[in-house]
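Chemist: Dropping the structure in here first, questions after.
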Amino acid sequence: MDSEDDMHDANDIESLDDDFYSGETEDVPMDYYSDDSDNDYYDDGGDDSDPAESRRTEQSFTILKESDIRQRQEDDISRLAAVLSLPQVAASILLRHYHWSVSKVNDEWFADEGEVRRTVGLLEKPVYVNLDAEELTCGICFEDYPLSKILTASCGHPFCFSCWGGYITTSINDGPGCLMLRCPDPACGAAVDQDMINLLASVEDKEKYDRYLLRSYIEDNKKTKWCPAPGCEHAVNFDAGTENYDVSCLCSYSFCWNCTEEAHRPVDCDTVSKWILKNSAESENMNWILANSKPCPKCKRPIEKNQGCMHMTCTPPCKFEFCWLCLGAWTEHGERTGGFYACNRYEAAKQEGVYDETEKRREMAKNSLERYTHYYERWASNQSSRQKALADLQQMQTVHLGKLSDIQCQPETQLKFITDAWLQIVECRRVLKWTYAYGYYLPDNEHAKKQFFEYLQGEAESGLERLHQCAEKELQAFLSSDEGPSKDFNDFRTKLTGLTAVTRNYFENLVRALENGLCDVDSNGATSSKATSSKTAAWSGKGKGGKGKGTPKALSSRITDDLWACEQCTYANARSATTCHMCNRQRR
């Protein structure tokens with residue numbers, strides 16, 4: 001018989017179900033999931049201007065191409081030059097010093113113009129003056145040159161063309177520090193402006209300088225960052241005031257603005273950092289060694305026993321022979337101690353508690369390793385599934401949509417619902433992947449939250465597989481048809497569109513619930529009043545027949561009737577398949 005606590009937890013999950021599946025953002029009828037109407041699908045008509053959809057598509061960021069960056073940079077320089085009545089090269093120096101913040105420059109300039117000039121090196125008058133001299137001595141090579149072959153910065157210190165050129169070239173080749181170039185005189189802080197760079201630098205050096213200047217506009221600005229995708233040269237301008245840091249670049253790469261890792265909702269940046277570090281660190285290697293090996297009693301090298309008897313021989317040059325159980329010398333063992341497959345000494349010592357601490361550490365390491373492996377394998381499997389879905393999406397866009405358009409005699413613009421479904425599959429795979437990192441760091445003592453989380457995660461996987469099955473398998477029937485337009489295609493459109501909408505709504509609710517820390521469940525398993533007061537359900541709604549709402553269990557049973565779910569990647573395979581279509585794991 002179930003305990004009272006177990007029954008309490010189960011009841012709490014059922015009461016939470018109503019609230020979690022409710023969709024405040026989208027009201028979608030769920031006739032598709034009702035038991036009595038397999039042929040009633042979603043109504044595709046109606047007003048397209050869904051306010052929930054509008055809220056979803058609102059962006060808190062702007063993608064900047066190189067031309068956009070240059071335009072913004074030039075606009076900032078021109079605006080500041082106009083306000084302060086300065087040349088544009090001087091305005092550029094000011095903005096670089098103050099990290100391209102126009103407001104910061106204005107505040108500092110009008111507070112103390114003289115101090116700002118001294119700080120950035122914009123001198124109002126030369127500090128070195130040579131009156132009526134026909135020749136001047138270069139401050140670097142100490143050669144005398146006529147005035148026509150001498151150049152000076154705003155400070156007036158004279159240097160010849162050749163020395164200026166060498167100084168500028170060396171500075172540019174040293175890196176972005178050339179943007180803050182000062183007079184070659186060690187005691188002078190006068191700035192060297194871009195006009196002198198353009199006059200003396202080679203074409204190659206001017207291109208480098210221009211690239212440094214462009215990149216500084218993004219890298220020194222707190223509101224902009226480069227897209228971290230390899231080879232992408234787009235930047236992102238992020239608008240403050242939103243808690244959603246997910247950014248999607250024009251190159252199709254999605255990343256977190258805050259930590260620049262790949263987009264990882266619903267887990268926070270700290271959890272992602274810990275998870276990535278754990279995946280790459282040596283800690284799990286050490287756990288494996290501790291859980292699956294023992295040190296040689298003589299040389300202390302770890303040894304794994306994967307088969308055979310208890311008589312162990314260490315590898316050369318050690319070659320020490322010992323008992324695997326008690327780690328004693330094998331010369332002291334024989335028939336009287338239990339033979340090759342047992343050790344009486346070990347059993348006796350174990351009864352006395354001699355090995356308790358060692359065995360406890362080994363058992364803890366083994367349990368920790370098994371738990372980590374459980375979550376990591378599923379995290380990695382969903383990543384693989386997402387990569388495959390991306391490849392399928394690419395093939396759909398480049399090959400299948402054109403073919404389907406010809407078969408069904410419909411323009412590709414009317415087949416966008418298929419692309420939307422695959423995009424949703426890709427996004428859901430990403431969310432599912434990170435739920436395993438979330439689950440790994442969920443405290444074990446919060447049993448109610450852990451139980452509810454695993455329930456929601458399982459329902460998310462089931463719903464996603466239903467969408468994936470429809471977008472992949474059921475679409476294939478129309479792609480392989482040679483009979484021209486099918487009268488069932490509109491029913492398929494309605495079905496796939498509805499599944500996409502419901503899956504999107506469920507995953508949005510899942511993300512919000514996890515980001516809120518499953519706050520509807522307290523540590524004792526009690527539910528909040530909000531969780532029990534909801535009357536609408538998005539995943540399991542009321543059918544037109546008025547027989548009440550179905551449950552997520554109904555969806556699960558319908559999946560298992562026709563499909564089997566892979567234990568490793570959770571992909572829903574056809575019942576006739578013997579291996580998983582996604583990860584090639586053998587069916588058990």
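Chemist: Go through (1) open to solvent by 30 Å² or more (accessible area, probe 1.4 Å); (2) under 23 Å from ASP210 (Cα atoms); (3) in contact (Cβ under 8 Å) with a residue 40 or more places away in the chain; (4) among the β-branched types (Val, Ile, Thr) and name the single condition VAL120 misses.
Modeler: Every listed condition holds for VAL120 apart from (1).
Chemist: Follow-up question, since we're still on this one. Restricting to region 307-342, count the residues that are in contact with a strand residue (DSSP E or B) (Cβ under 8 Å, 6 or more places away or on another chain), assigned to a loop (DSSP other than H, G, I, E, B), of a type in the set (A, V, I, L, M, F, W, C) and closer than 13 Å to PRO297 by Cβ.
Modeler: Residues meeting the conditions: 4.
Chemist: Could you tell me which of the residues ASP76, ASP107, ASP68 is of a type in the set (Asp, Glu), surrounded by 16 or more Cβ atoms within 10 Å (Cβ to Cβ) and within 40 Å of the chain's Cα centre (by Cα)?
Modeler: When all the criteria are applied, what remains is ASP76.
Chemist: Exactly one condition in (1) in a loop (DSSP other than H, G, I, E, B); (2) open to solvent by 50 Å² or more (accessible area, probe 1.4 Å); (3) modelled with pLDDT under 90 is false for SER148; which is it?
Modeler: Condition not satisfied by SER148: (1).
Here is a yes/no grid of residues against (1) assigned to a loop (DSSP other than H, G, I, E, B); (2) touching a strand residue (DSSP E or B) at 6+ places or on another chain (Cβ under 9 Å); (3) over 20 Å from SER216 (Cβ atoms):
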{"site": "ARG70", "(1), (2), (3)": "no, no, no"}
{"site": "SER78", "(1), (2), (3)": "no, no, no"}
{"site": "ALA81", "(1), (2), (3)": "no, no, no"}
{"site": "LEU94", "(1), (2), (3)": "no, no, no"}
{"site": "VAL116", "(1), (2), (3)": "no, no, no"}
{"site": "TYR128", "(1), (2), (3)": "yes, yes, yes"}
{"site": "LEU136", "(1), (2), (3)": "no, yes, yes"}
{"site": "ILE140", "(1), (2), (3)": "yes, yes, yes"}
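Chemist: Can you spot a residue in region 62-81 that is in contact (Cβ under 8 Å) with a residue 40 or more places away in the chain, farther than 24 Å from LYS206 by Cα and of a type in the set (Ser, Thr, Tyr)?
Modeler: yes
Chemist: Suppose we filter LEU475, LEU496, LEU514, LEU518 for residues that are aliphatic (A, V, I, L, M), in contact with a Cys (Cβ under 7 Å, 6 or more places away or on another chain) and modelled with pLDDT of 80 or more; which single one remains?
Modeler: LEU496
Chemist: Moving on to the next point. Look at region 292-306 and say how many of its residues are open to solvent by 80 Å² or more (accessible area, probe 1.4 Å) and either small (Gly, Ala, Ser) or in a loop (DSSP other than H, G, I, E, B) (or both).
Modeler: 4
Chemist: If only one of TYR217, TYR209 is at pLDDT 90 or above and within 30 Å of PHE159 (Cα to Cα), which one is it?
Modeler: TYR209
Chemist: Scanning for something within 28 Å of the chain's Cα centre (by Cα) and of a type in the set (Phe, Trp, Tyr), does region 469-483 turn up at least one residue?
Modeler: No: region 469-483 contains no residue that is within 28 Å of the chain's Cα centre (by Cα) and of a type in the set (Phe, Trp, Tyr).
Chemist: Scan region 229-237 and give yes if some residue there is more than 23 Å from the chain's Cα centre (by Cα) and surrounded by 19 or more Cβ atoms within 10 Å (Cβ to Cβ), otherwise no.
Modeler: no
Chemist: Considering THR419, THR435, THR398, which residue is hydroxyl-bearing (Ser, Thr, Tyr), surrounded by 20 or more Cβ atoms within 10 Å (Cβ to Cβ) and under 29 Å from the mean Cα position of the chain (by Cα)?
Modeler: Unique residue meeting the criteria: THR435.
Chemist: Restricting to helices (runs of 4 or more DSSP H) lying wholly in region 389-486: which have 1 or more residues that are touching a strand residue (DSSP E or B) at 6+ places or on another chain (Cβ under 6 Å)?
Modeler: Here the list reads 447-469.
The values are calculated or read from the model by the stated rules, or taken from the named source; none is laboratory data. Just so you know, these numbers come straight off a predicted model, no measurement behind them. A quick note on method: Cβ atoms are made from the backbone with ideal geometry, for glycine too, and the neighbour counts reach across all protein chains shown. SASA here: full protein model, heavy atoms, side chains in, ligands and nucleic acids out. Shrake-Rupley method; radii C 1.70, N 1.55, O 1.52, S 1.80 Å.
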